[in-house]
Amino acid sequence: MLEVENVSVSFGDNHVLRDVSLTLKKGELVSILGVSGGGKTTLFNVISGLLKPDDGRVLLEGRDVTGKPGSISYMLQKDMLLPYRTIEDNCALPLLLRGTPKSRAREQVREHLAEFGLEGTGRLWPAQLSGGMRQRAALLRTYLFSQEVALLDEPFSALDTITKSAMHRWYLDIMDRIRLSTLFITHDMDEAILLSDRICLLTGKPGTITKVITVEPPRPRGEDFPLSPEFLEYKRTIKAAIGG
Amino acid sequence: MKRKPQSTIRDKLPAAAALAGLVLVWQGVSSLGLVPAFMLPSPVMVVRAFISDFGLLMSNSVTTLKEAFLGLLIGVGLGFVFAVAMDAFPIVRRAFYPLLVITQTIPTVAIAPLLVLWFGYETMPKVVLIVITTFFPLTVGLTDGFREADPDAISLLRSMGAGRAKIFRYIKLPSAIPQFFSGLRIAAAYSVVGAVIAEWLGGFSGLGVYMTRVRSAYAFDKMFAVIILISAISLLLMGLIGLAERVLTPWRRARQERS
């Protein structure tokens, strides 16, 4: 449903991405794994339409959305909830931007609050919520914008380890329930192996996808999957490919 | 942690004690005859003057407050228009920002007589003077507020398909509210002082006119009374603005309660 075809980007003499292609199918979680400064954020801006690539296309359900913001939204490590809007009004923002009347937009948000583990928080300010809850609110906002594809850029890396693994479980669960497809950008190998159907390694300068690894065990993977030899084998493969 | 009302009273206690101490020393100096009463009237004399001239002080306050409000209102409107224009068009910003700064270097007492010459003795020159002094802190506050809007939040809204108008409404405008209120508090204090100065230099009524009259009568007790009244009005205005800010920015209190 989401296809990135031969995307290249350079800023002047600085070639950041070269010939990057990837595919995300319905209900899949695909990770883009790469080192910091390796062009992940640039790729991300291209997919969200904020940046027009020098070459290549981004297709959503066969529609060309290259360089056109407004089709795919994203979620970052920073939750970017606006401090001066309540949780309800933050999540309603994509609907309001689309022209939905305020009361209808709020109603729609309220219908989803419980599903996202946010019951009773609609009228609170973002500052009154914990980090994990804020991320869930940010995801609800992303979901209300585009119900098919979520573009996530290291969304959980600011959370502590325990909250993070709780969020992983929660995310996989809700992703299956609401039939969301996810493109997940990360530098965390463990996270990528744990969550992904496929991992695309973005390496080199200019960055390009050098290897695609399919993680076989079906999701959700058990608590002890990260301790299994299989998991370590995936990790070894990735390390060898990245050269780290 | 929630702040208890008691602790806010305790916060203000030192300032109240210092003020009370100062008044006591002042009264002591006067009662002991260290300074003659015609040069420095005692607090008791000032209070008596305030009571005896109460009606006159109030009617003159109405004039001054009217001018201050009108000037402040126009200042806010003009400041808003300037700030939006400077935010939307960088060329406007580059062209006018230095001019704005220059308007602030002109001594008020120097241009006020000119304004009287151009616009007469009525309300007009006072309002113009107040606008000149107030729209600067407002414009600067708003412009800085717009500029400090989170660029990541702007990108996010852009990715959701928001255009400039919607980004302004949902991000820039609300981001500038705290800065706007800082500017407004300063502008409110300027507006009262500006009105008084303009009246002092030419007018028919107002606290500034009252001041010139009691000065030529060497009635320093009345002079002190009107000075205290002007301070009180300024403080009251600033307090009202602070109250409005608290009501309009409830999320800032939420943050305090959590930390």
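No lab work stands behind these numbers, since they all come straight from the coordinates. Keep in mind that what you see is a predicted model, and the values were worked out from it rather than measured. When we count neighbours, we look across all protein chains shown, and the Cβ atoms used for this are built from the backbone with ideal geometry, even at glycine.
Bin width 10 Å, alpha-carbon pairs only: give the P(r) of the protein assembly as shown as whole percents, running from 0 to the bin holding the largest distance.
Bin by bin from 0 Å, the calculated values are 4, 15, 19, 18, 14, 11, 9, 6, 3, 0.
Provide the per-residue ³J(HN,Hα) series for the stretch A:96-106, in order, calculated from phi with Karplus coefficients 6.51, -1.76, 1.60 and θ = phi - 60°, each as a whole number of Hz, with x at glycine and proline positions.
4, 5, 8, x, 5, x, 3, 5, 5, 4, 4
Just report the Cα centroid separation between the stretch A:54-87 and the stretch B:84-112, whole Å.
What the calculation gives is 38 Å, centre to centre.
Can you give me the long-range amide H partners of A:Ala150? Hydrogens built in the peptide plane at 1.01 Å from N, cutoff under 5 Å, separation of 5 or more residues or another chain.
Under 5 Å from the amide H of A:Ala150: A:Ser181, A:Thr182, A:Leu183.
Using a basic spin-label model with each label point 7 Å from the Cα along Cα→Cβ, how many nm lie between B:Asp144 and B:Leu40?
It works out to 3.7 nm between the two label points.
Take the Cα gyration tensor of the stretch B:78-125, multiply each eigenvalue by 5, square-root it, and list the three semi-axes largest first, rounded to whole angstrom. Spell out each step's value before the answer.
Working: eigenvalues 158, 35, 10 Å².
Equivalent-ellipsoid dimensions as semi-axes: 28, 13, 7 Å.
Determine the sum of side-chain charges near A:Ser196: Lys and Arg each +1, Asp and Glu each -1, restricted to other residues whose C-beta is under 12 angstrom from that of A:Ser196. Write down the numbers at each step before the final one.
Working: positive: A:Arg198, A:Arg219, A:Arg221; negative: A:Glu28, A:Asp188, A:Asp190, A:Glu191, A:Asp197, A:Glu216.
Surrounding charge for A:Ser196 is -3.
For the pairs A:Lys102/B:Lys66; A:Lys26/A:Lys102; A:Lys25/A:Lys239; B:Lys12/B:Lys126; A:Lys205/A:Lys239, note any where the Cα-Cα span goes beyond 29 Å.
Values: A:Lys102/B:Lys66 38 Å; A:Lys26/A:Lys102 31 Å; A:Lys25/A:Lys239 26 Å; B:Lys12/B:Lys126 35 Å; A:Lys205/A:Lys239 17 Å.
In this structure, A:Lys102/B:Lys66; A:Lys26/A:Lys102; B:Lys12/B:Lys126 exceed 29 Å between Cα atoms.
Work out, in µm²/s and without decimals, the Stokes-Einstein translational diffusion coefficient of chain B at 20 °C, 1.002 mPa s, Rh from Kirkwood over C-alpha pairs. If you can, show how the numbers build up before the last one.
Working: Rh = 21.2 Å.
It comes out at roughly 101 µm²/s.
Per residue and in cubic angstrom, what volume does the convex hull of the Cα atoms of the stretch A:129-230 have? Display every interim value, and only then the final one.
Values: hull volume 12.4 nm³, N = 102.
It comes to 121 Å³ per residue, whole-number rounded.
Rounded to the nearest 10 degrees, what's the angle between the helix B:220-248 long axis and the longest principal axis of chain B, both from Cα atoms, 0 to 90?
20 degrees
Could you compute the FRET efficiency for A:Phe225 and A:Arg57, with r as their C-beta to C-beta distance and R0 at 56 Å, rounded to 0.05? Intermediate results must be reported in sequence, preceding the final value.
Details: r = 36 Å, r/R0 = 0.64.
Computed FRET efficiency for A:Phe225 and A:Arg57 comes out at 0.95.
Give the whole-number value, in cubic angstrom per residue, of the convex hull volume spanned by the C-alpha atoms of the stretch A:1-91.
That works out to 131 Å³ per residue.
Using the C-alpha gyration tensor of the stretch B:1-75, what are the square roots of 5 times its eigenvalues, in whole angstrom, with the largest one first?
Numbers: eigenvalues 175, 156, 22 Å².
Sorted largest first and rounded, they come to 30, 28, 11 Å.
Which residue fluctuates most in the GNM of chain B (Cα springs below 10 Å): B:Ala88, B:Ala17, B:Ala49?
Top of the fluctuation ranking is B:Ala17.
Report the percentage of all Cα-Cα pairs in the stretch B:1-138 whose separation exceeds 21 Å, rounded to a whole percent. Working shown, then result.
Details: 6388 of 9453 pairs.
That tail contains 68 percent of the Cα-Cα pairs.
Stokes-Einstein D for the stretch B:74-155 at 20 °C, 1.002 mPa s, Kirkwood Rh over Cα pairs, in µm²/s?
Working: Rh = 14.0 Å.
Roughly 153 µm²/s, to the nearest whole number.
Using the beta-carbon distance between B:Phe54 and A:Arg110 and R0 = 41 Å, what value does 1/(1 + (r/R0)^6) give for FRET efficiency, to the nearest 0.05? Present the calculation step by step, with values, prior to reporting the outcome.
On the way: r = 56 Å, r/R0 = 1.37.
After rounding, the FRET efficiency stands at 0.15.
Where in chain B lies the longest segment free of GluC sites (Glu not before Pro) that are both loop residues by DSSP (not H, G, I, E, B) and have at most 14 other Cβ atoms within 10 Å? Don't jump to the answer; show the numbers that get you there.
On the way: sites that count: B:Glu122, B:Glu148.
Here the longest segment lacking exposed loop sites spans B:1-121.
Given bins 5 angstrom wide, list per bin the percent of all Cα-Cα distances in the stretch A:48-185, short to long.
Taking all Cα pairs of the stretch A:48-185, the binned fractions are 2, 10, 19, 23, 20, 14, 8, 4, 1, 0 percent.
Can you tell me the alpha carbon radius of gyration of the stretch A:143-192 divided by the globular rule-of-thumb value 2.2 N^0.38 Å? Walk me through the numbers before you get to the answer.
On the way: Rg = 11.1 Å, N = 50, 2.2 N^0.38 = 9.7 Å.
The value comes to 1.14.
Residue by residue through the stretch B:80-94, which ³J(HN,Hα) values in whole Hz follow from phi under the Karplus form 6.51 cos²θ - 1.76 cosθ + 1.60 (θ = phi - 60°), with glycine and proline marked x?
5, 4, 4, 5, 5, 5, 5, 6, 6, 10, x, 5, 4, 4, 5
Kindly provide the Kirkwood hydrodynamic radius of the stretch A:110-161 in Å, to one decimal, from all pairs of distinct alpha carbon atoms.
Numbers: mean 1/r = 0.0845 Å⁻¹.
Here the Kirkwood hydrodynamic radius works out to 11.8 Å.
Over the stretch B:102-145, consider all pairs of different Cα atoms and compute the Kirkwood hydrodynamic radius from their mean reciprocal separation; express it in Å, one decimal. Working shown, then result.
On the way: mean 1/r = 0.0889 Å⁻¹.
For the stretch B:102-145, the Kirkwood estimate is 11.2 Å.
Show me, for the stretch A:67-80, the HN-Hα J-couplings you get by feeding each phi into the Karplus relation (A = 6.51, B = -1.76, C = 1.60, θ = phi - 60°), rounded to Hz, glycine and proline as x.
Listing the rounded values in order: x, 10, x, x, 10, 10, 9, 9, 9, 10, 4, 7, 5, 6 Hz.
Between B:Ala165 and A:Thr210, how many nm apart are label points set 7 Å from Cα along the C-beta direction?
Inter-label distance under the simple model: 5.0 nm.
With a/c under 1.5 counting as rounded, go ahead and sort chain A into rounded, prolate or oblate using the C-alpha gyration tensor (a ≥ b ≥ c being the square roots of the eigenvalues; past the cut-off, prolate if a/b is larger than b/c, else oblate). Don't skip to the end; give the middle numbers.
Working: a/c = 1.92, a/b = 1.27, b/c = 1.51.
Because a/c hits 1.5 or more and a/b fails to exceed b/c, chain A counts as oblate.
Might you report the magnitude of the Cβ-based charge dipole of chain B about its Cα centre, with Lys and Arg at +1 and Asp and Glu at -1, to the nearest 20 debye? Write down the numbers at each step before the final one.
Details: 25 positive and 13 negative charges, 188 e Å.
So the magnitude is around 900 debye.
Using only DSSP helix segments of four residues or longer, with each worth -39500 (n - 2.57), what per-residue ellipticity at 222 nm results for chain A after dividing by its residue count and rounding to 500?
Details: 7 runs with 85 residues, N = 244.
Result for chain A, helices only: -11000 deg cm²/dmol.
Cα extents of the stretch B:191-232 along the three principal axes, largest first, in whole Å?
Principal-axis extents of the stretch B:191-232 (Cα, largest first): 25, 22, 11 Å.
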